[in-house]
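*Asks:* Let me begin by handing over the structure; questions about it come next.
No lab work stands behind these numbers, since they all come straight from the coordinates. Being a predicted model, the structure only gives us computed values, none of them experimental. Cβ: placed from backbone, ideal geometry, glycine included. Neighbour counts: every protein chain shown.
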Amino acid sequence: MHGFRGLVMKKKELSAWSLIFVAVISGALTATSIAGCKPSTSTTTPDTSLDFDVDEGVEDSNVTDTAETPMTTETPEAMIAPAAASVIAVPPADAKTLVNAGSSGTVDDPSNVQSAGGDWPQWGGTRMRNNAPAVTGLPQAWKPGKFDRKTGEWDKSKAENIRWVSNLGSQTYGNPVISNGHVYVGTNNGSGHLARYPSDVDLGCLLCFDEKTGELLWQHSSEKLITGRVHDWPLQGVCAAPLVEGDRLWFVTSRGEVRCLDTKGFRDGKDNGPVTDEPVRVADLEVANPAYKDTIAKLDEGQTTDALRELLTTHGEEPSGDITIETTEAGKAWTLAGTFSGVERKLTARVAGPRISVFKKLSVADKKEADVIWVFDMMDALGSSQHNMASCSVTALGDLLFVNTSNGQDESHINLPAPNAPSFFCMNKNTAEVYWTDKSPGENILHGQWSSPAVAELGGVPQAIFAGGDGIIYSFRADEGKDGKPELLWQFDANPKETIWILGGAGTRNNLIATPVIYNGLVYIAVGQDPEHGEGEGHLWCIDPTKRGDISTQLAMKVEDGDRVPIAHKRVQAVDPKLGEVAVDNPNSGAVWHYSIVDQNEDGEIDFEETMHRTIGTVAIANDLLYVSDLSGVVHCLDAKGGPDGQPKVNFTYDMLAQSWGSPLIADGRVFLGDEDGDIAIFKLGADNKEPIDEINMGTSIYSTPVAANGTIFISTKDKLFAIADLEPSAE
């Protein structure tokens, strides 16, 4: 779920305080979580330049308060707030290690996490990305209950094995992550959990819930980029999953930042730094408000107005007692000191464009706010230009954090604003120091880059494997690099050389949006495109990562004077026969097997179910059985080892009759897959189990992937997060 476009600019927005003196530019909307240019439906979405977290503690419970939040059709004017200073706010280079990877013997050992059946602390559980935890005791069946379409109230009288349900945004593409008693999910602001941000304000949100009760503990909020949908498409929210180790969390925001958070938020009574006292928006009094001019006049006189007090109260900062007002610039800027919702603090009010904007600094009193440790702005620091959105579920090896920047095309889809910007980089997860960057996809990026890296020791060498926006998989030595550059170990073109890229999905050349999976020393990945580009030809690959150099199945050559001369990779079509170019079999190919079409019933025809279509889903593997669903809704089960002579061994396919954006979960002897109709198809694990043993409808569409941890299945639907457990275990 990922998509992005860029403007030709190094900095994505004006600095915080310069914006205060500049008229507001009308705002933009968020980005698609897994794909690209998805048109918005009705939205209300303020555009902001705020680089900080956001939120005010709302007293209401988040658990099933509202149904899917309808977005209003009216788009309010953009809101402006101070942006985070410069590019990064990071600890000093000699900063203390925040998480000692390997000290527990589990954090940095994928086999321990995979086999424990406990927490699932990143996308795919481990840096090898195989969503197949050894969880047991999962319920055999469940019923989600009913939800009132108007109020969202949950009628749980007919629910079965539902531990709790909590409200997410109006569109959710993030996969749940479970660690240390918390559940984390990326979504948008459709539920309006925080008083400062009503549900009609579009944000990218990372929510943290209590694993046992579903209570919302805190929210990190990313306001919309002022550059608009070119970088930050409406309503898509935070689409990436975080990485959690101990009491630290790392994730990519919808604004193109890597952020490190304290998992405890401010509930530990500390404002952990180096980022402290983060300024965040409280509310805006628009120029259209009849009290606008009077409020400015009264503030200059050291007084408030009923309209301002009501606004602050509505947004969680109810003033009480005397409020001391100091004018810092007549008619433009003021400080308000006093008691707000029981907390002694100072607020800042400034005229910013056609509104008075009020801000506060976060403190330990803001229990529902996220506590930010450091911020790294990829667009500013690296010059990347995300297409529609940034989405990468980061992973780590020791203290090395691996990130895809999402660098991509602009909204014309034929211009790459930042061809020299990095696509991949490695940084220190504690200090945010960048060790190396790589721009291998360069000018050949087809659309956007929304895949996530995988990391493992393969053939005795630590490898960081990235899926590029040019359709090529790259493996780098997973270390600090040398002179700011990594060592490229191998690359593999996942598209046949004669395939063609055509705008809008009509071609045969594809992106890589899925995440590489590492299983038994091999790498697995399938090609796909933005779901808005429709169905199309797909390819699933099993790759030997111990080879070096170009290990694609074919090499691009041109015939000159009777000789075959290698040619550089080309974006639209690697090999064009009309130009005398040829695709030559590569004797150094790393392909173990390749799956596209297989005549399973041997009738001489290729049926719909006998075709691997485009996918944005990631494979899951257990007992040498590989499962993947494609965008067309076809479930494919193959032998992970493949057949003889590089041929795939297909066990079965099954048509779910609805689009599938997510990936399989294999757990407790079963396979779980969600689809756009809201159904979870459940298969018994096995090569001969060709039909689902159950299909359970969750009420709304499912665009994410089910995960399992600690005896519980977590499913994020379009607007709800379900915790599903066996509430009536058998006596056996």
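*Asks:* Using the Cβ atoms and a cut-off under 14 Å, what net charge is assigned to the surroundings of Asn588, where Lys and Arg are +1 and Asp and Glu are -1?
*Replies:* -2
*Asks:* Same structure again: For Ala330 and Glu310, what does the FRET efficiency come to when R0 = 22 Å and r is the distance between their Cβ atoms, rounded to the nearest 0.05?
*Replies:* Here the calculated transfer efficiency is 0.35.
*Asks:* Quick one: length gained pulling Glu160 to Thr213 fully straight, 0.36 nm per residue minus the C-alpha distance?
*Replies:* 17.5 nm
*Asks:* What percent of all Cα-Cα pairs in region 279-361 falls in each 5 Å bin, counting up from 0?
*Replies:* Spelled out per bin, shortest first, that is 3, 16, 30, 31, 16, 3, 0.
*Asks:* Right, here's the next one. Return the distance in nm (one decimal) between the two label points of a simple spin-label model at Glu344 and Lys558, each offset 7 Å from Cα along Cα→Cβ.
*Replies:* 7.6
*Asks:* Then there's this: In whole angstrom, note down how far apart the Cα centers of region 159-223 and region 617-674 are.
*Replies:* If we compute the Cα centre of each part, the gap is 29 Å.
*Asks:* Another one. Below 18 Å, Cα to Cα, which lysines can Lys649 reach? Residues fewer than 8 away in the same chain don't count.
*Replies:* Partners found: Lys641, Lys690.
*Asks:* Quick one: compute a quarter of the convex hull surface over the Cα atoms of region 583-709 and quote it in nm².
*Replies:* That works out to 9.1 nm².
*Asks:* Take the Cα atoms of region 232-279, find their three principal axes, and give me the spread along each one in whole Å, biggest first.
*Replies:* Rounded to whole Å, the extents work out to 35, 26, 17 Å.
*Asks:* Another question, then. So how much slack lies between Ile597 and Asn623, counting 0.36 nm per residue of separation and subtracting their Cα-Cα distance, in nm?
*Replies:* So the chain would gain 7.0 nm between Ile597 and Asn623.
*Asks:* Using a 7 Å offset from the Cα along the Cα-to-Cβ direction at both Val572 and Ala141, what is the distance between the two label points in nm, to one decimal?
*Replies:* Reported label-point gap for Val572 and Ala141 is 5.6 nm.
*Asks:* Could you pull out the GluC sites (Glu not before Pro) across region 146-222 that fall in loop regions by DSSP (anything but H, G, I, E, B) with no more than 10 other Cβ atoms inside 10 Å?
*Replies:* Here no GluC sites (Glu not before Pro) fit, given the DSSP loop and packing criteria.
*Asks:* Next question. Ranking Glu728, Glu257 by Cβ neighbours within 10 Å, fewest first, what do you get?
*Replies:* On the way: Glu728 8, Glu257 24.
Fewest-to-most Cβ neighbours within 10 Å comes out as Glu728, Glu257.
*Asks:* State the extension gain, in nm to one decimal, for the chain segment bounded by Thr546 and Asn588, taking 0.36 nm per residue of separation less the distance between their alpha-carbons.
*Replies:* 14.0 nm
*Asks:* At 7 Å along the Cα-to-beta-carbon direction for both Thr276 and Ala687, put a label point, then send me their distance in nm to one decimal.
*Replies:* 6.2
*Asks:* Next up: List, in the order given, every pair from Lys270/Lys367; Lys212/Lys264; Lys298/Lys332; Lys368/Lys718; Lys346/Lys367; Lys332/Lys360 whose Cα-Cα distance in the structure shown is over 19 Å.
*Replies:* As for pairs spanning more than 19 Å Cα to Cα, those are Lys368/Lys718.
*Asks:* Moving to a separate point now. What percent of all Cα-Cα pairs in region 128-231 falls in each 10 Å bin, counting up from 0?
*Replies:* 12, 35, 36, 14, 3
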